[in-house]
Amino acid sequence: MKALTQITTMQELADAAGVSLATVSRVLNGSDKVSEKTKESVMELVRQSGFFPNETARTMAAGKSRLIAVILPDVENPYFSRLLSEIENQCVGHGYSMIFFNSKGDSEKEKDIVNKMMARQADGMFIAMTKYKSESIPVLTQATFPVVVMSQNIEGLNSVCIDHQEGGALAARHLLENHCESFFFFGRKDDEKFTGFKEELLKEGIAEEKIQTFGDNDWYSTNFDEASGQMDYFMQKKLSDRKTGLFCVNDLFAVRAIRAAHRNNVKIPDMLSLVGFDNTMICDMAYPTLTSISQPLEEIAAESFNLLCRKIKEGKNGEKCPQSIIFHPSLVKRES
């Protein structure tokens, strides 16, 4: 029998404990199919020998890597950094390792990461994409592992998100309640947030010409200096004597709107009412504090993880039909 300090493989550990290799594997994997006496005996040998299992060998034998990949578009955005933290909590709590990628709004980078993770044999992937019609979608639908899209509902893929149109409608109703007479959205015209925003205003009798957009760009790949310039132009050229409502695609740009208002002597909320999106920590740091549409991040992360785990467990023989889980947003009123 080898000295305890020389035990380097699971087979050697099994020989020293007088049990089968399968029993050692069950003990190390926390299976409840092993008696407490056997489990204690094996674990005592592990402690005495300092044995550390070769994780790569174990995962190869099990056919699972216990590795989850996460792709987010902008980790500097506090919404995505908090979402990442929630997903990490889920991974750690369920015995998975997590590898994170910041795509910076680059669809080509997203596609490259997906291919690399297939080569690494990741068990699954979470992704928040930069566009509703991202070029990476065809690659994701052909991935060899389950994929769950967070923050958007993408046809043909498992998705967990809020109803963005409902969020836009909440913003519209809030601005109407604050007696706004003209309405602007900062973001892309094809954003579901704007769809809900516009439809709610039209339903309430607002003339279409009083509902406008600006900043119709891919803001994940545009610097904030350009956005600040557009906000200054808006404050100088687009406001009238009548109270205006501004709804921004996220809190980061809403805070830049607040700063532009200060630079241009626009009083909030007397002349301009503002609503952001995501209800991040910066809402309470702004002056005045920022009203925002809130997403239930803990629930989104938990449901995303549960959905991915179900798909991993089902494997290739599981249900092929993608699942969508949609949460309701809420409005958090503050000073803006």
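The values are calculated or read from the model by the stated rules, or taken from the named source; none is laboratory data. From a predicted model like this one, the values you see are computed outputs, not experimental measurements. So basically every Cβ, Gly included, is an ideal-geometry build from the backbone, and we count neighbours across all protein chains shown. Remember, those area values only see protein heavy atoms, side chains included, never the ligands or the DNA or RNA. Shrake-Rupley method; radii C 1.70, N 1.55, O 1.52, S 1.80 Å.
Quick one: dipole size for segment 190-336, taken about the Cα centre, charges +1 on Lys/Arg Cβ and -1 on Asp/Glu Cβ, in debye to the nearest 20.
Once rounded to the nearest 20, the dipole reads 140 debye.
Assuming 0.36 nm per residue, please report the length gained on full extension of the stretch residue 97 to residue 263 beyond their Cα-Cα distance. So the chain would gain 55.1 nm between residue 97 and residue 263. Projecting the Cα atoms of 246, 28, 84 onto the charge dipole of the chain, computed from C-beta unit charges around the Cα centre, puts 28 farthest toward the positive end.
Toward the positive end of the charge dipole of the chain, with +1 on the Cβ of Lys and Arg and -1 on the Cβ of Asp and Glu, the farthest Cα among 94, 265, 282 is that of 94.
Selection among 184, 19, 211 by position relative to the dipole of the chain gives 19 as farthest towards the positive end (Cβ unit charges, Cα centre). The residues of segment 178-336 expose, per residue, 50 Å² of accessible area to a 1.4 Å probe. Apolar share of the accessible surface for the chain: 48 percent from carbon plus sulfur atoms, 1.4 Å probe. The mean sequence separation of alpha-carbon pairs under 8 Å and at least six residues apart, normalised by the residue count of the chain, gives a relative contact order of 16 percent.
Here the 3J(HN,Hα) profile of segment 173-185, calculated from phi with Karplus coefficients 6.51, -1.76 and 1.60 at θ = phi - 60°, is 4, 5, 5, 5, 5, 8, 6, 6, 10, 10, 9, 10, 10 Hz, Gly and Pro shown as x.
Ordering of 290-297, 234-241, 274-281, 150-157 by packing is 274-281, 290-297, 150-157, 234-241, highest average first (other Cβ atoms within 10 Å, averaged per residue).
For segment 158-273, what's the relative contact order in percent, using C-alpha pairs closer than 8 Å and at least 6 residues apart? Walk me through the numbers before you get to the answer.
Working: 152 pairs, mean separation 35.6, N = 116.
So the answer I get is 31 percent.
For residue 212, the residues whose modelled amide H falls within less than 5 Å of its own, excluding neighbours fewer than 5 places apart on the same chain, are 183, 184, 185. Taking every C-alpha pair closer than 8 Å and separated by at least 6 residues, the mean separation divided by the residue count of segment 105-204 gives a relative contact order of 21 percent.
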